[in-house]
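Notes follow the structure.
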Amino acid sequence: MLDADRVIAALRGAFAREVDRAELLRVAAERIRAAGTPYTSIYLYMLHGDELVLEAFAGRETDHTRIAVGRGVCGTAVATGRDQNVPDVRAIDNYIACNAWTRAELVVLIRRGRAILGQIDVDSDAPDPFTPDEEAAVRKVADALAVLL
């Protein structure tokens, strides 16, 4: 289980040291991934116009550094304004595969008020691993990032 409070404490510490945005996002990605299973890979995409741009990650690399709003699970989250918890990515028609091993994906939007700043994209090799508690923990980190960015 992700300990959101520990991740947020690390983010606040980094913010207090006046790190730049890239470092703050990197800290978030690394600390979330450090929670272990089911957090295989963490991608932080930030919204630039009508495109999500990968600004930090921890775990497996991806060729998907830019995703159009409306494409895949990540783009759908922004287009609909709703987080996405996909227990089996193979069941999604417009899924954009970062790698062959991913079985589930959780996308939580980073919002400041109604404005969407970006998202935390969590890939897991395990099918259906993201409980409501896990989703709430990632949401807590996303809410903290919205304040610190």
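Just so it is clear, none of the values below were taken in a lab; they were calculated from the coordinates. Note that this is a predicted model, so its numbers are computed, not measured. A quick note on method: Cβ atoms are made from the backbone with ideal geometry, for glycine too, and the neighbour counts reach across all protein chains shown.
Some points to look at:
- For chymotrypsin sites (Phe, Trp or Tyr not before Pro), the sites in the range 51-149 that DSSP calls loop and that have at most 13 other Cβ atoms within 10 Å are W101.
- Estimated distance in nm for a label pair at T65 and T37, the labels positioned 7 Å out from Cα along Cα-to-Cβ: 3.3 nm
- Peptides 8-17, 44-53, 24-33 ordered by packing proxy, namely the average of other Cβ atoms within 10 Å per residue, highest first: 24-33, 44-53, 8-17.
- Residue-span extension gain [D128 to A22] - 0.36 nm each, minus C-alpha spacing: 35.1 nm
- Nearest-20 debye value, the chain charge dipole, Cβ charges on Lys, Arg, Asp, Glu: 380 debye
- The equivalent ellipsoid that matches the C-alpha gyration tensor of the chain spans semi-axes of 22, 17, 14 angstrom, in descending order.
- Formal net charge of residues neighbouring M46 (Cβ-Cβ distance under 15 Å; K, R +1; D, E -1): -1
- Formal net charge of residues neighbouring A68 (Cβ-Cβ distance under 13 Å; K, R +1; D, E -1): 0
- Per-residue ellipticity at 222 nm from helix content only, as computed over the chain with -39500 (n - 2.57) for each DSSP H run of at least four residues, stands at -11000 deg cm²/dmol.
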